[in-house]
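Q: Please read through the structure below; I'll follow up with questions.
The values are calculated or read from the model by the stated rules, or taken from the named source; none is laboratory data. Please read all numbers here as calculations on a predicted model, not as lab measurements. Here the Cβ positions follow ideal geometry from the backbone for every residue, glycine too, while neighbour counts run over all protein chains shown. For accessibility, only protein heavy atoms count, side chains too; no ligands or nucleic acids. Shrake-Rupley method; radii C 1.70, N 1.55, O 1.52, S 1.80 Å.
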Amino acid sequence: MNKYISLWTLSLLALIVVACQDELNKTPLDAPANTNFFSNESELELAINGVYTSLWWESRGIPALQEIDNATDIGFLRDGPLKDVATGAHNSDTGIFESTWDHFYSGIAKANNLLQNMNRAQDVVSPNTFSRIQAEARFLRAFFYHFLVELYGDVPLLTEVPTIDEAQIGRTPKAEVVNQIMSDLDFAAQNLPTSWSGDQVGRATQGAALALKARVALYNGDYPTAAQAAQSVISSGVYSLYPDYEAQFQYEGIRSSGVIFDAPYKTGVQTSQYPIRAGTRMVGAWSTNVPSQALVDSYQATDGEPIDESNVYDPAQPFENRDPRLDASIVRPQSTFKGYVFETHPDSTETWRIEDGQKVERVTNQDVTNPFASYTGLVWRKYLSPDDFPQKSFESTINWIFIRYAEVLLTYAEARIESNNIDQSVLDALNQVRARAYGVDPSQTGQYPEITTTSQAELRREVRYERKVELANEGFRLFDIRRWGIADEVMDGALIGRPRGTYSTIPSPPDIQEDVGYHPDYSANIDLYRNVEPRTFDPERDWLWAIPQAEINVNDQIQQNPGY
């Protein structure tokens, strides 16, 4: 059998129900007979647990969204399937396009198989349990579809398992798919619990459904619906900002107050290779996925101004008086990680080993001497735990957060700003996020750069800044720069790393283009920085990913996106 209609093939795979216990997945079952399965509550629970396993969307053993973020202006990939996407060398045969398409349609097929057949158990399952499982399946289906439409645009909409006679299915307009997503999320919000307890913590909740609804509405320009759904999450009182921004993405922050929905990682079930890919060379990692200098220079100074306009920023001491999220998110030169001073100046062939906060000896600096040390001279701190080195460098168990409360606050603010419906609640939402970064309460004016303007244009710049730095390395950047219409500006040109020499050689900061998502312009001093790689964005093609060529080859009803 050739790879005929991958959508139909994937739907058939839904007949193999992947079951799990405890952390949503434990021991896969053999394939049950579809004719008599879904006949009782236990089988419905096994089936819905199988749908949850599709949350593990990965590329090279790490969450795919982290790879995607590093293929935008805020990061760099030394290798891997998304490197061609970052440099503009991709085409319809690029592997990540097919693997992502197949992954999400496999999850959708599992959800549809359950939804189509679960009525067999309706007479023996309590109405509340039946509706709850149905709501979980519809939430997950919506979750998978929302990624598909944002990556590919129009996609085939399947709400049932197709027969072989229905194998060739064309693309459905994005607006119709979004309508289905919103219908699924409305049902989910009405039938999911507000929280879970014990081993069930981590399953979809009412808050997750509403937060995803807010995101989908925002991405698709339905600002009133986005604001209303986000406000419902805020008003629920279930979630709050975790007080320590950096710790939110460490073991300490797993399923803390700010987490709304995540993918669980557990030894023996599913683990992440993120530490080995993102860590420093001094701890034996590879430094393949790293942040860009453009992101570093995007962080405001502590007076709330971009660095090219700030009175407290010093180009010779560029990490002083900066938004605390810079150090919380990035291992930058002169900072420490896992007992070593991180230094990437080419003359720093030795660095300090640290014990109990004290410098104890000079050692060979692998972050300079290794030819495959970080090309940008920077390393991510977000999601990188010192505790994972060395034993867990290939198998981190830090959960991947898909939805968190800070995003909801920023969604609420942006939706109200774009509607030009600006009041104190918009400022409150933004200032909650910003004040948390400074470790203070929003009421502590003067302790952080409070946002006070009510200008729509100025607030638009502020909320886009907040999304860029607050959500960096979490998988939002590609979707944001596309929907804001700035991807062609920020993704075209050289990807810049740290200065070639010392920071004191930089005579002035880059021009921070606030109206282009705080994107730095290095043209005045570009020769003083590492030119890491050329980036190309084709405005006739790159607003969407290609429909996989393998799908086009076997489905006459599928039309390709423009430019491929």
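Q: Which numbered condition in (1) part of a loop (DSSP other than H, G, I, E, B); (2) open to solvent by 10 Å² or more (accessible area, probe 1.4 Å); (3) out of contact with any helix residue (DSSP H, G or I) (no Cβ under 7 Å at 6 or more places or on another chain) is the only one that E343 fails?
A: For E343, the exception is condition (3).
Q: Can you find even one residue in the stretch 115-128 that is open to solvent by 10 Å² or more (accessible area, probe 1.4 Å), acidic (D, E) and over 28 Å from the mean Cα position of the chain (by Cα)?
A: Checked against the condition, which is being open to solvent by 10 Å² or more (accessible area, probe 1.4 Å), acidic (D, E) and over 28 Å from the mean Cα position of the chain (by Cα), the stretch 115-128 yields at least one hit.
Conditions tested, residue by residue: (1) acidic (D, E); (2) over 29 Å from T129 (Cβ atoms); (3) out of contact with any Lys or Arg (no Cβ under 6 Å at 6 or more places or on another chain); (4) surrounded by 16 or more Cβ atoms within 10 Å (Cβ to Cβ).
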| residue | (1), (2), (3), (4) |
| --- | --- |
| E166 | yes, yes, yes, no |
| I181 | no, no, yes, yes |
| D184 | yes, no, no, yes |
| Q190 | no, no, yes, no |
| S195 | no, no, yes, no |
| G198 | no, no, yes, no |
| V216 | no, no, yes, yes |
| A227 | no, yes, no, yes |
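Q: Same structure again: Give all pairs with beta carbons closer than 8 Å in which a residue from the stretch 79-97 that is among the β-branched types (V, I, T) meets a residue that is open to solvent by 30 Å² or more (accessible area, probe 1.4 Å) and not in a helix (DSSP H, G or I); count only pairs at least 6 apart in sequence or on separate chains.
A: T87/P534; T87/T536; T94/P81; I96/P81
Q: Kindly indicate the residue of the stretch 41-55 that is of a type in the set (S, T, Y) and more than 17 Å from N128 (Cα to Cα) and also most open to solvent (accessible area, probe 1.4 Å) among those meeting that condition.
A: Looking at the filtered set, the residue picked out is T53.
Q: Moving on. Identify, by number, the condition in (1) β-branched (V, I, T); (2) under 19 Å from P386 (Cβ atoms); (3) in contact with a strand residue (DSSP E or B) (Cβ under 8 Å, 6 or more places away or on another chain); (4) buried (at least 20 other Cβ atoms within 10 Å of the Cβ) that V233 doesn't meet.
A: Of everything listed in (1) β-branched (V, I, T); (2) under 19 Å from P386 (Cβ atoms); (3) in contact with a strand residue (DSSP E or B) (Cβ under 8 Å, 6 or more places away or on another chain); (4) buried (at least 20 other Cβ atoms within 10 Å of the Cβ), V233 misses just condition (2).
Q: Among the residues of the stretch 499-517, write down those that are of a type outside the set (V, I, T), open to solvent by less than 50 Å² (accessible area, probe 1.4 Å) and touching a strand residue (DSSP E or B) at 6+ places or on another chain (Cβ under 6 Å).
A: Selection gives P499, P510.
Q: Follow-up question, since we're still on this one. With the structure loaded, tell me whether Y375 is touching a residue at least 24 places away in the same chain (Cβ under 8 Å), open to solvent by 70 Å² or more (accessible area, probe 1.4 Å), in a loop (DSSP other than H, G, I, E, B) and not hydrophobic (A, V, I, L, M, F, W, C) or whether it fails that test.
A: Values: touching a residue at least 24 places away in the same chain (Cβ under 8 Å): yes; open to solvent by 70 Å² or more (accessible area, probe 1.4 Å): yes; in a loop (DSSP other than H, G, I, E, B): yes; not hydrophobic (A, V, I, L, M, F, W, C): yes.
Here the answer is yes, as Y375 does meet what is asked.
Q: Still on this model: Going through A227, A285 one at a time, which residue ends up being out of contact with any strand residue (DSSP E or B) (no Cβ under 7 Å at 6 or more places or on another chain), at pLDDT 95 or above and not in a loop (DSSP other than H, G, I, E, B)?
A: Every option except A227 fails the conditions.
Q: May I pose another question? In the stretch 76-107, which residue that is open to solvent by less than 40 Å² (accessible area, probe 1.4 Å), at pLDDT 95 or above and assigned to a loop (DSSP other than H, G, I, E, B) is farthest from E533 (Cα to Cα)?
A: S92
Q: Would you mind stating whether G563 is without any contact (Cβ under 8 Å) to a residue 12 or more places away in the chain and either touching a Phe, Trp or Tyr at 6+ places or on another chain (Cβ under 6 Å) or not in a helix (DSSP H, G or I) (or both)?
A: For G563, the condition - without any contact (Cβ under 8 Å) to a residue 12 or more places away in the chain and either touching a Phe, Trp or Tyr at 6+ places or on another chain (Cβ under 6 Å) or not in a helix (DSSP H, G or I) (or both) - is not met.
Q: I would also like to ask the following. Is there a residue in the stretch 189-209 that is in a helix (DSSP H, G or I) and either under 19 Å from L430 (Cβ atoms) or of a type in the set (F, W, Y) (or both)?
A: No: zero hits.
Q: If you check K359, K392, which single one turns out to be touching a residue at least 40 places away in the same chain (Cβ under 8 Å) and farther than 24 Å from V490 by Cβ? Don't jump to the end; show me each part of the working.
A: On the way: K359 fails: touching a residue at least 40 places away in the same chain (Cβ under 8 Å).
Matching residue, one of K359, K392: K392.
Q: Looking at I234, I260, can you tell me which residue is touching a residue at least 40 places away in the same chain (Cβ under 8 Å), in contact with a helix residue (DSSP H, G or I) (Cβ under 7 Å, 6 or more places away or on another chain), more than 30 Å from P371 (Cβ to Cβ) and not in a strand (DSSP E or B)?
A: I234
Q: Among the residues of the stretch 348-372, what is the count of those that are open to solvent by 80 Å² or more (accessible area, probe 1.4 Å) and either in a loop (DSSP other than H, G, I, E, B) or at positive phi (or both)?
A: 3
Q: Then there is this: Pick out, from the stretch 418-529, the helices (runs of 4 or more DSSP H) lying fully within it that include 2 or more residues that are among the β-branched types (V, I, T).
A: The helices (runs of 4 or more DSSP H) meeting that bar are 424-437, 456-470.
Q: Test of understanding: among D428, D441, D488, which residue is of a type in the set (D, E), touching a helix residue (DSSP H, G or I) at 6+ places or on another chain (Cβ under 8 Å) and surrounded by fewer than 19 Cβ atoms within 10 Å (Cβ to Cβ)?
A: Values: D428 fails: touching a helix residue (DSSP H, G or I) at 6+ places or on another chain (Cβ under 8 Å); D488 fails: touching a helix residue (DSSP H, G or I) at 6+ places or on another chain (Cβ under 8 Å).
Selected residue: D441, the only one of D428, D441, D488 that is of a type in the set (D, E), touching a helix residue (DSSP H, G or I) at 6+ places or on another chain (Cβ under 8 Å) and surrounded by fewer than 19 Cβ atoms within 10 Å (Cβ to Cβ).
Q: Checking the structure you have, find out if any residue of the stretch 381-389 is open to solvent by 10 Å² or more (accessible area, probe 1.4 Å), more than 30 Å from G253 (Cα to Cα) and outside any helix (DSSP H, G or I).
A: No, the stretch 381-389 contains no residue that is open to solvent by 10 Å² or more (accessible area, probe 1.4 Å), more than 30 Å from G253 (Cα to Cα) and outside any helix (DSSP H, G or I).
Q: Then there is this: Run down R477, R535 and say which single residue is open to solvent by less than 50 Å² (accessible area, probe 1.4 Å) and touching a Leu at 6+ places or on another chain (Cβ under 6 Å).
A: Exactly one of R477, R535 is open to solvent by less than 50 Å² (accessible area, probe 1.4 Å) and touching a Leu at 6+ places or on another chain (Cβ under 6 Å), namely R535.
Q: Any residue at all in the stretch 294-311 that's modelled with pLDDT of 95 or more, within 29 Å of the chain's Cα centre (by Cα), more than 25 Å from P449 (Cβ to Cβ) and in a loop (DSSP other than H, G, I, E, B)?
A: Here is the first cut: in the stretch 294-311, the residues modelled with pLDDT of 95 or more are 294-311.
Adding the requirement that they be within 29 Å of the chain's Cα centre (by Cα) leaves 294-308.
Adding the requirement that they be more than 25 Å from P449 (Cβ to Cβ) leaves none.
No, there is no match, as no residue in the stretch 294-311 is modelled with pLDDT of 95 or more, within 29 Å of the chain's Cα centre (by Cα), more than 25 Å from P449 (Cβ to Cβ) and in a loop (DSSP other than H, G, I, E, B).
Q: Moving on to the next point. Inside the stretch 253-281, can you point out the residues that are open to solvent by 10 Å² or more (accessible area, probe 1.4 Å) and under 30 Å from T349 (Cα atoms)?
A: Selection gives Q273, R277, R281.
Q: Considering G221, G207, G202, which residue is surrounded by fewer than 14 Cβ atoms within 10 Å (Cβ to Cβ), of a type in the set (G, A, S) and out of contact with any His (no Cβ under 6 Å at 6 or more places or on another chain)?
A: Exactly one of G221, G207, G202 is surrounded by fewer than 14 Cβ atoms within 10 Å (Cβ to Cβ), of a type in the set (G, A, S) and out of contact with any His (no Cβ under 6 Å at 6 or more places or on another chain), namely G221.
Q: Quick one: Q250 ticks every box in (1) within 30 Å of R381 (Cα to Cα); (2) open to solvent by less than 10 Å² (accessible area, probe 1.4 Å); (3) not aromatic (F, W, Y) bar one, so which box is it?
A: With (1) within 30 Å of R381 (Cα to Cα); (2) open to solvent by less than 10 Å² (accessible area, probe 1.4 Å); (3) not aromatic (F, W, Y) applied to Q250, the lone miss is (2).
Q: Just need a number here: residues in the stretch 154-170 that are part of a helix (DSSP H, G or I) and either in contact (Cβ under 8 Å) with a residue 24 or more places away in the chain or on the phi > 0 side of the Ramachandran plot (or both).
A: Of the residues in the stretch 154-170, 2 are part of a helix (DSSP H, G or I) and either in contact (Cβ under 8 Å) with a residue 24 or more places away in the chain or on the phi > 0 side of the Ramachandran plot (or both).
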